[in-house]
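Asks: Sharing a structure below in structure tokens format, with a few things to ask.
The values are calculated or read from the model by the stated rules, or taken from the named source; none is laboratory data. Computed from a predicted structure; not experimentally measured. Backbone-built Cβ (ideal geometry, glycine too); neighbour counts: all protein chains shown.
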Amino acid sequence: MPSEPRVPAEPTLEELSAYLDHELDAATQARVAEHVAGCDECRARLDGLRETVTAIRAMPMETPPRTFTVPEQRRQAWRWAPAGWIGGAAVALLLIAVGIQNLHLPASSPTSSTTSGGLAQHNAFAPYGQVAPLDRSGQSVPSTVQRALSANSTTVVDPQNSSRSLAISTDATSYPASGVITVHVTTRGLSGAEASSVRVFLSRETAKGGYAVGLTPPSSASTYPFDWEASYSISQMRLPAPVAGSYSLQVTIDMSSHQSLTASLPLTITP
């Protein structure tokens, strides 16, 4: 009798974290990638880790309210954590942040005030949360939208292999705050595991450090992850006021070579 196909073992949280930071040996990296490509639950866990790491790295350093001197022995230890540490500790930091947010503190407590550009302000607007695509099944795409998607586009090619590429496009360059953004993502020459590692963010740089909103790819689409299109409601993104301004649509895919392909398009949101 034919043997049953081998199912790669489910990776641990530590392995998923090390996989993000490309710290696994080649055999383990391949095993985790193969499992994630066919496991929705582990792919969701991996996406959660990516979003948490992005959130932590995007947090700005606050300007101290007064000048002070750091002793020499402490100054050497005051550095941003390396990428490997961030990947391993991201979940713990997220749990701490959620616990602090849920504390019932008196209104007069300084801890309950909103820190400009800090985590408290970000939690109030729920950035880094995933926005699901709109269900537009059965709706035809007008030819004007197809032409716009072709006109407003960019393509990034793997510098080590010109047959591997990532292309993104949108149906416009400017949208009203109540509008809908349609995104088209196409990959060429990538494996299923690589293409399914796609992360999509609508981000904005501000004087207070900026923020980003994740856009969930339509994993149920028949052509996902290699070639797909999705539409997202801007009002559902809960962007901090003022919403009008300049944004960047960023799409990133992790490759087996431990490099990433990142494509971005500038977008404008009007009142």
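Asks: Just need a number here: residues in segment 235-262 that are in contact (Cβ under 8 Å) with a residue 60 or more places away in the chain and more than 16 Å from residue 171 (Cβ to Cβ).
Replies: 16
Asks: Return the residues of segment 158-178 that are surrounded by fewer than 16 Cβ atoms within 10 Å (Cβ to Cβ), in a loop (DSSP other than H, G, I, E, B) and in contact with a Ser or Thr (Cβ under 8 Å, 6 or more places away or on another chain); say none if nothing qualifies.
Replies: 160, 173, 177, 178
Asks: Find the residue count for segment 168-205, including only residues that are in contact with a helix residue (DSSP H, G or I) (Cβ under 7 Å, 6 or more places away or on another chain), of a type in the set (S, T, N, Q) and within 15 Å of residue 216 (Cβ to Cβ).
Replies: Of the residues in segment 168-205, 2 are in contact with a helix residue (DSSP H, G or I) (Cβ under 7 Å, 6 or more places away or on another chain), of a type in the set (S, T, N, Q) and within 15 Å of residue 216 (Cβ to Cβ).
Asks: Considering only residues of segment 9-26 that are within 18 Å of the chain's Cα centre (by Cα) and at negative phi, which is surrounded by the fewest Cβ atoms within 10 Å (Cβ to Cβ)?
Replies: For segment 9-26, the residue satisfying everything is 21.
Asks: Given 224, 232, which one is surrounded by 14 or more Cβ atoms within 10 Å (Cβ to Cβ), over 13 Å from residue 250 (Cα atoms), outside the structural domain of residue 52 (by TED's automatic domain parsing) and without any contact (Cβ under 8 Å) to a residue 60 or more places away in the chain?
Replies: That would be 224, the only listed residue that is surrounded by 14 or more Cβ atoms within 10 Å (Cβ to Cβ), over 13 Å from residue 250 (Cα atoms), outside the structural domain of residue 52 (by TED's automatic domain parsing) and without any contact (Cβ under 8 Å) to a residue 60 or more places away in the chain.
Asks: Okay, moving on. Take residue 237 and decide whether it is under 19 Å from the mean Cα position of the chain (by Cα), more than 21 Å from residue 133 (Cβ to Cβ) and crowded, with 17+ Cβ neighbours inside 10 Å.
Replies: Criteria not met by residue 237.
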